[in-house]
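Accompanying notes for the structure given below.
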Amino acid sequence: MDDMALGWWGVPLAVLAGAIRVSTPFLFVSLGECLTETGGRVNLGLEGTLVMGAMSGFGIAYLTGSPWLGVLVAGLVGAMLGAVHASLCALPRVNDIALGIAMLMLGTGLAFFLGKPLIQPEAPPLPALDLGWWSDTEQIRSALRVNALFFVGALLAPVLLWALRNTRWGLILRMVGDSAETARAIGYSPDRVRLYATAAGGFLAGVGGSFLSLSYPGSWNEGLSSGQGITAVALVIFARWNPLKCFWASLLFGGASALGPALQSVGVTQGYHLFNAAPYVLTLAIMVMTSTARGKMAGAPGELSVSR
Amino acid sequence: MTVQRQDGGAIGIEVVAMTKRFGDMVALDAVDLRVRPGAVHALLGENGAGKSTLVKCVMGFYRCDEGGVIVEGHEVSLDNPKAAHALGIGMVYQHFTLVPSMTVLENLVMSRSDVPAVVDWAAERRRVAAFMADMPFSVPLDRPASRLAAGEKQKVEILKQLYLRSRFLILDEPTSVLTPQEADEMLGLLRGMAQAKRLTVLIITHKFREVLAFADDVSVLRQGRLVGGGRVAELGVDAMARMMIGDDKRAAAVINRADLAPGPKALDIRGLRAQGLDDVSFSVHGGEIVGIAGVSGNGQSELVEVLSGQSPATGGEIRVFDQPYGATRREMLRHKVGLLPEEPLRNACVGKMSVAENMAFRSFDDKGWWLDRDRIARAARGLIERYRVKTASPDAPIASLSGGNVQRAVLARELCGDVAILIAANPVFGLDFAAVADIHGQIVEARNRGVATLLVSEDLDELLDLADRILVMSNGRIVHETHRDQADRTTIGRRMAGH
């Protein structure tokens, strides 16, 4: 079939496909960060966790031949990095933001170092679901070939929202994030709750990283992440610490990221790099739009160092 | 734990020879306290007298060094708050312990120690509603705690204790954030429950009015010792006051107000709008203290922030001696505006800099580029002497001073030279009796010199004592104005509540 069969209709289609494909790492990292921040801490190190997850997930999938085992290991590596962040933050006079930046550099540096031998080979990719089976247009079929991890993330978002509102675990996390003093008075240890929350957040970010290297075509290189981890942290603020809104915000950012390639595919070559910058411009614009000159942002957990 | 808790019914508590030391400081010195079941017992004392330490030992936050607690005739070891809760002893703290973003229902359920893994909100709501039906007051279950008024928060705190089936309730200065009417309502309800023998109440306070109106028994602490007590009906205010502050310091409380003709219009605020302020207009004349009353959070802090240049006005006009005023440092110096904001250590000092340097903030640069260290030190020594600031030396960091002395140091800085306008917010918050009398004396003395003073305070008694005129703020507006001779506590209280 002719590549230009859809003409300009290819642009929204490519943006939609991109939204689904590119949003998956955003989704996992932002859900993870949402958990961590609901507990009252910011983990900026998730960018490093993402890259570590991509590397370790790829490595395990390559060695064992099982992409799902790779996903699991990526999550565990992420949880470990999260636990390191949380344990160090529990020490007196440690700032979570500064430590996060250190963890970011540690994560990426470690991944590049350990990942050197993994640059050449190909690992088995994660399965994808064909939602475009009904169409015989190749573009539509490829656009709607959706990676299985996307569905996991899409399912996770409402589950997390429900859990934060209806389970003891979720309510304790919210309590610790909003008023550590109260939680302590009732007998919960904020440091321990935050350790679990940050580790769980790291797990999700690691899984998000494994998507980068294990979705089609399944390869590892050092340019795999282009700041998705950091963008996802901003996205959590945009989503007002609501997991379901994180899902929609991830789709939005994913769509923005796909704008450049989509326009290129229909022959718009001018300003290609400008369109590629769309997600970053969007991040800046959203930050400006949601900023307030004074006072706390609505919905911000009270213990968050950035909102205090 | 030998005492098993039975449901319902007030319990009595006896504190025996309790001693608590912090390093060399003796916070409690062999204090005995007997609270009868079903009584409202007031624990009276100045700040720092040991009231909070005593109840924290009872609650198990601190472990006392000597002595013990007897609950219903059995000696018990209360070494953590959970043990106290298990015995049915609960406490309502001065600062609220509700999670702001959670609803009242969520806050109540989460205060329990046996929250189920998955909460069935429909069932919990039925149970809490049934519990509330039995209570003398109710609160909206679905409103987040951050959107409750202070009085409602206090009610939720009390409801929470009753929901947890506390039978001995300790309240730490519960009325400091309430309007007089809310305070009376709340204390009345507790008294009713005590009379019905459902609850024993131990209330920490320094307000005689509340002791006289609501308490059965009183115990007075001074400097860590029990100095007296008994049935409130048999003691008078004078006897209690003498016990509380001792005879020697009583004289310091007298304030001489000079009769002055009002001076020129010094501060004139017209239609001021800002975050939290809605069309505020008033003026202050020389030789006059204008008091702003109101429950905290009704725009008073915002007003002071605008006047001190900490936040911008969005509309209206501020004029000082008939010239526009934008709260810049230059304008403050030119118009001789002095400012004593609330929490001066945070809002008017640099904690790590020395007392002398902090005292020079208004004047250090008036002689050109180079700092004259000698002059700064000399000026500071004079001010320290004149305003009785207790500090190890002028070079000590100001954060090392006690609250009252920081307050005095800032007041000294702001009042030195010839001030024409003084703006003071809660100037005696958390200070002991001697410091209060001292600072009040300084403010009245400034007024007698012809200074135009704006006094913002959450303590209505302070305003009734000091102010020539009282304005009431509610919801960011001035809703009431009265002269000191016509000031009526009930009317002011009602306006504070927004009625």
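Structure notes:
- Considering only A:Leu212, A:Leu173, A:Leu88, the mean-square fluctuation computed in a Gaussian network model of chain A, springs between alpha carbons under 10 angstrom, is largest for A:Leu88.
- For segment B:378-449, the fraction of C-alpha pairs more than 15 angstrom apart is 52%.
- Rounded percent of accessible protein surface that carbon and sulfur make up, the protein assembly as shown, 1.4 Å probe: 56 percent
- Local electrostatic count at B:Ser281 - Lys and Arg +1, Asp and Glu -1, tallied over other residues with Cβ under 9 Å: -1
- Listed residue (A:Phe26, A:Ser87, A:Leu16) projecting farthest to the positive dipole end of segment A:1-117, Cβ model: A:Ser87
- Only the Cβ atoms of Lys and Arg (+1) and of Asp and Glu (-1) were treated as charged; on that basis the dipole of chain A about its Cα centre amounts to roughly 1040 debye.
- With DNA, RNA and ligands ignored, accessible area of B:Phe361 (1.4 Å probe; Å², nearest 10): 50 Å²
- The A and B chains share an interface that buries close to 1700 Å² of accessible area, total over both sides, probe 1.4 Å.
- Under the span-like rule (Cα at least 20 Å along the axis, Kyte-Doolittle mean at least 1.0), DSSP H helices of chain A: A:10-38, A:46-64, A:67-89, A:96-115, A:148-166
- Dipole magnitude of segment B:295-347, debye to nearest 20 (Cβ charges: Lys/Arg +1, Asp/Glu -1, about Cα centre): 280 debye
- Between A:Ile237, A:Ile20, A:Ile186, the GNM of chain A built on Cα springs shorter than 10 angstrom shows A:Ile186 fluctuating the most.
- The relative contact order of segment B:199-321, computed from alpha carbon pairs under 8 Å that lie at least 6 residues apart in sequence, is 20 percent.
- For B:Thr200, net neighbour charge (Lys/Arg +1, Asp/Glu -1) across residues whose Cβ lies under 13 Å away: +2
- Looking at chain A, the accessible area is 44 square angstrom per residue; that uses a 1.4 Å probe and ignores ligands, DNA and RNA.
- Based on alpha carbons, the Rg and Dmax found for the protein assembly as shown are 32.0, 102 Å.
- Lys/Arg +1, Asp/Glu -1 at C-beta; segment B:17-116 dipole; positive extreme among B:Leu87, B:Ala27, B:Gly60: B:Leu87
- For the protein assembly as shown, a simple Cβ point-charge model (Lys and Arg +1, Asp and Glu -1, everything else neutral) yields a dipole of about 320 debye relative to the Cα centre.
- Stretchable slack from B:Ala261 to B:Ala117, in nm (0.36 nm times residue separation minus alpha-carbon distance): 44.8 nm
- In terms of distances greater than 25 angstrom between alpha carbons, the cross-link table entries B:Lys56/B:Lys390; B:Lys51/B:Lys352; A:Lys245/B:Lys153; A:Lys245/B:Lys160; B:Lys56/B:Lys155; B:Lys207/B:Lys265 yield B:Lys56/B:Lys390; B:Lys51/B:Lys352; A:Lys245/B:Lys153; A:Lys245/B:Lys160; B:Lys207/B:Lys265.
- Computed [θ] at 222 nm, helices only, for the protein assembly as shown once each DSSP H run of length n ≥ 4 contributes -39500 (n - 2.57): -14500 deg cm²/dmol
- With the simple spin-label model, which puts each label point 7 Å out from Cα in the Cβ direction, the B:Ala196 to A:Phe151 separation comes to 5.8 nm.
The values are calculated or read from the model by the stated rules, or taken from the named source; none is laboratory data. Small disclaimer: the values here were computed from a predicted structure and weren't measured. A quick note on method: Cβ atoms are made from the backbone with ideal geometry, for glycine too, and the neighbour counts reach across all protein chains shown. Only protein heavy atoms, including side chains, enter the accessible area calculation; ligands, DNA and RNA are left aside. Shrake-Rupley method; radii C 1.70, N 1.55, O 1.52, S 1.80 Å.
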